[in-house]
1. Using 7 Å Cα-to-Cβ label points, what is the Asp235/Glu40 separation (nm, one decimal)?
2. Mind checking Rg over Rh on the chain, alpha carbons, Kirkwood formula for Rh?
3. For Asn220 paired with Asp62, estimate the spin-label separation in nm (one decimal), with each label point 7 Å from Cα along the Cα-to-Cβ line.
4. Say the cut-off is 21 Å between C-alpha atoms; which of Lys123/Lys159; Lys159/Lys208; Lys78/Lys159; Lys159/Lys205; Lys74/Lys159 go over it?
5. Going 7 Å from the Cα of Arg212 toward and past its Cβ, which residues in segment 154-177 have a backbone nitrogen under 18 Å from where you end up?
6. Please state the relative contact order of segment 146-213 as a whole percent: Cα pairs under 8 Å, 6+ residues apart?
7. Can you tell me the dipole magnitude for the chain around its Cα centre, using point charges on the Cβ only (Lys, Arg +1; Asp, Glu -1), in Debye to the nearest 20?
8. Which parts of segment 39-76 would a label at Arg104 reach, counting a residue when its backbone N lies under 19 Å from a point 7 Å out along Cα-to-Cβ?
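What follows is calculated from the coordinates using simple rules that are stated; it is not laboratory data. This is a predicted model, so every value here is computed, not measured. Here the Cβ positions follow ideal geometry from the backbone for every residue, glycine too, while neighbour counts run over all protein chains shown.
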Amino acid sequence: MMRFKRRVAMVTGAGSGIGRATALRLAREGAYLVLVDQAEAGLMETTSALPEGTEYLRKVMDVSDEAAVEALVKDTIKRWGQIDVLCNNAGVAGSHPPITDQNRDEWERILGVNLIGPMLFIKHVAPHMQSRRLGSIVNTASVAGIRSGAGGNAYSASKAGVINLTQTAACDLGGDNVRVNAVCPGLIETGMTQPIFDYARANEKAHKLGARCELRRYGNPEEIAAAILFLASDDASYITGQALPVDGGNTASLNLPGMK
Ligand code: NAD
Ligand code: ADP
């Protein structure tokens, strides 16, 4: 498939995990890439894995820095004159203390990266899509934005915010044929979840990871990238404002004891 031939696609958090898998697949399907990450080494690794001849811009920046977002959009328009696809994917999990031990600075950090970052990118990219009456935005939310769990506070709240931002932006931009959707990954092995996987493997509990979802396994970044590309592509031309769980059936289940 070459669904993104000569299309310009911007991906944040492209230096690791889901963002890297998304960038690599977009490249294989013909896109020109704008790759963003705050971690330079990861971003370099992604660009060195791109298929020979892929055209790309690479930017080391913090997604919550509005001046940097504005400058990046300007550079992209100067280079290609358009932005067809925006994948707001950069995110941080943070720590997970109980509600009584929450720290205000940590909340502001997590909300800054996970929620305000996507808002800033949509704010500055969308006008270039509206003027061409063409564009698709895909935000990486989480199943944690649909349901929470013990200690999930700032991360879960930020991802619930991303789902709501997806709806708001879809309403604001739908009249200009700009679509906005989200994916809600379940448990995926990436940099963010490596400590969980390392712990489980060290304690011979790896087989239990993913056991609470209906497919009885955790997912991989390519399985999320596939859903992101679908929503970004013309195959999803009548889908907007939606948040698609890609979670092996996790959110389909009440997970009550004794029901399996
Ligand atoms: P990851 O840690 O492997 O990748 C996230 C990338 O985002 C990293 O390269 C990191 O450097 C970058 N990043 C973080 N803060 C940034 C900032 N301020 N500016 C620029 N770049 C920044 O993790 P991942 O699992 O691939 O995460 C991608 C997205 O998927 C995140 O939004 C995450 O919340 C979401 N998600 C992941 C899982 C999972 O199980 N891994 C589940 C649900 C949702
Ligand atoms: P966690 O995902 O558990 O929060 P880290 O704090 O190590 O783990 O963050 C994961 C990635 O996000 C790292 O690459 C880190 O450099 C980056 N990061 C952390 N905090 C910020 C921040 N305030 N702004 C931008 N990037 C950040």
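1. Placing both labels 7 Å beyond Cα along the Cβ direction yields 3.8 nm.
2. Ratio of gyration radius to Kirkwood radius: 0.96.
3. Computed distance between label sites Asn220 and Asp62 equals 3.5 nm.
4. From the list (Lys123/Lys159; Lys159/Lys208; Lys78/Lys159; Lys159/Lys205; Lys74/Lys159), the Cα-Cα distance tops 21 Å for Lys159/Lys208; Lys78/Lys159; Lys159/Lys205; Lys74/Lys159.
5. 154-160
6. Details: 23 pairs, mean separation 11.7, N = 68.
Taking the mean separation of contacting Cα pairs over the length of segment 146-213, I get 17 percent.
7. Numbers: 27 positive and 27 negative charges, 119 e Å.
Around 560 debye, computed over the chain.
8. Inside the label zone: nothing.
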